[in-house]
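Encoded as structure tokens, the structure appears first; notes follow it.
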Amino acid sequence: MDSLAKHKQLIKSEAKRLGFLSCGVSKAGFLEEEAPRLEKWLNQNMHGEMQYMENHFDKRLDPTKLVEGSKSVISLLLNYFPLQSQKDAEAPKISKYAYGTDYHFVIKDKLKQLLHFIEEEIGDVHGRAFVDSAPVLDKAWAAKSGLGWIGKNSNLLTQQVGSFYFIAELIVDLELEYDTPVTDHCGTCTACIDACPTQAIVDPYVVDGSKCISYFTIELKQEIPTSYKGQFDNWMFGCDVCQDVCPWNRFSKPHSEPLFNPNPELLEMSKKDWEEITQEVFSRVFQKSAVKRTKFAGLNRNIRFLND
């Protein structure tokens, strides 16, 4: 085994030890296929009020512009599928990814450990860790490195484990042996397209972000358009519909990351509890959660929208 392959194996086994579901490696460079797609998506205003999607267009498509001298993108998946879900079937729903501690903190810590390991074991390697907070096309890189394919709901799908996982990456100036993409296994299935409550999947593989329930409940800062009344399927933060109906997610297994375990109070809260939630309860239940992003006023707005 040459050093490039050996180094890749070392990194993959350490990633597994740190709890990552899987790890793949691709060559850092310009994403030719994604460039026209991203441009068209932005031109059609499918990003809505998410102005940040327009920024750093070049960096978004080329990690060598983001991390000087970078040669490899190491993509990693971390499972977040929960063992339990909210008890009250009539309670407003929270996307599964936001049940536990904010994933940014959990994953960033693991990535730092992995980068430290690479420096210790391989030598003078420089790189940066990214968790959904910089202009990096996570799904495109994960697909390029063979961790799955981009499905019709525009999520990364994997035959063995579905899609309930976070994607993160290390972009490093280390040359490695590169993985190859896998084939698409969506076939003729249109479950996600048929089930989307707001018809946000406008074409197979194209999601109009400005019509997505996750966008309305998390990204949109002003009032939710009244034309969407009755279409939210009771989601108050995020939405899992297109993942819940995906046949590949029947293979999802519960995660083993203690920090992703929800506050027990969150699972027990009834419809009435949510409707009467106070700032104090919000701060306690979502102390370290990604739900804090909406703030108390935002979550309240979402709950009101479901009930009005």
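The values are calculated or read from the model by the stated rules, or taken from the named source; none is laboratory data. Remember, predicted model here, so these are calculated numbers, not experimental data. Methodologically, a virtual Cβ is constructed for each residue, glycine included, from the backbone with ideal geometry; neighbour enumeration extends over all protein chains shown. Note: areas computed on protein heavy atoms with side chains; ligands, DNA, RNA excluded. Shrake-Rupley method; radii C 1.70, N 1.55, O 1.52, S 1.80 Å.
Rg and Dmax of segment 1-147, Cα atoms, in Å?
17.6, 57
Could you look at the chain and say what percent of its accessible area is carbon and sulfur, using a 1.4 Å probe and all protein chains?
The C+S portion of the solvent-accessible surface of the chain is 51 percent.
Treating the beta-carbon of each Lys and Arg as +1 and of each Asp and Glu as -1, no other charges, what is the dipole magnitude of the chain about its Cα centre, to the nearest 20 debye?
420
Sorted by packing (mean other beta-carbon atoms within 10 Å per residue), highest first, where do 290-300, 143-153 land?
Ranking the peptides 290-300, 143-153 by packing returns 143-153, 290-300.
Just the C-alpha atoms of segment 264-308: what Rg/Rh do they give, with Rh taken as the Kirkwood radius?
Rg/Rh for segment 264-308 comes to 0.93.
For segment 27-67, run through the GluC sites (Glu not before Pro) and keep only the ones in DSSP coil with at most 15 other Cβ atoms within 10 Å of their Cβ.
Glu32, Glu33, Glu49
Less than 11 Å Cβ to Cβ from Val161, Lys/Arg counted +1 and Asp/Glu -1: what total charge do the surrounding residues give? Please report the intermediate quantities before stating the final value.
Numbers: positive: Arg250, Lys253; negative: none.
With Lys, Arg at +1 and Asp, Glu at -1, the net is +2.
Would you mind counting up the charge near Lys12? Only other residues with Cβ under 13 Å from its Cβ, with Lys and Arg at +1 and Asp and Glu at -1. Could you put the intermediate results ahead of the total?
On the way: positive: Lys6, Lys8, Lys16, Arg17; negative: Glu14, Glu121, Glu177, Asp179.
Summing Lys and Arg as +1 and Asp and Glu as -1 gives 0.
Taking the chain as the reference, fit the longest principal axis to its C-alpha atoms, fit the long axis of helix 3-17 to the helix C-alpha atoms, and give the angle between the two in degrees, 0 to 90, nearest 10.
Roughly 30 degrees, rounded to the nearest 10.
Based on alpha-carbon centroids, what's the gap between segment 32-50 and segment 176-226 in Å, whole number please?
If you average the Cα positions of each part, the centres end up 13 Å apart.
For the chain, with the dipole built from +1 on Lys and Arg beta-carbon atoms and -1 on Asp and Glu ones, taken about the Cα centre, which of Phe20, Trp141, Asn300 lies farthest toward the positive end?
Of the candidates, Asn300 comes out farthest on the positive side.
Roughly what % of DSSP beta bridges within the chain run antiparallel, to the nearest 5?
Given both bridge residues lie in the chain, the antiparallel proportion sits at roughly 90 percent.
Determine, for each peptide in 57-66, 227-236, the mean count of other beta carbons within 10 angstrom over its residues, then list the peptides with the highest first.
Put in order of decreasing packing, that is 57-66, 227-236.
Can you give me the long-range amide H partners of Ser72? Hydrogens built in the peptide plane at 1.01 Å from N, cutoff under 5 Å, separation of 5 or more residues or another chain.
Hits under the 5 Å cutoff: Ala28, Val172, Leu174.
Which order do the peptides 173-180, 75-82, 24-31 take when ranked by the mean count of other beta-carbon atoms within 10 Å per residue, highest first?
Most protected by this proxy first, the peptides run 75-82, 24-31, 173-180.
When the chain is fully extended, how far beyond the present Cα-Cα distance does Glu90 get from Glu54, taking 0.36 nm per residue of separation?
This chain segment gains 9.2 nm when fully extended.
If you take the C-alpha gyration tensor of the chain, multiply each eigenvalue by 5 and take the square root, what semi-axes do you get, largest first, in whole Å?
Rounded to whole Å, the semi-axes are 33, 22, 18.
Pairing the Cα long axis of helix 34-43 with the longest principal axis of the chain, what angle in degrees results, from 0 to 90 and rounded to the nearest 10?
30
Using Cα atoms only, what is the angle between the long axis of helix 103-122 and the major principal axis of the chain, expressed in degrees (0 to 90) to the nearest 10?
10
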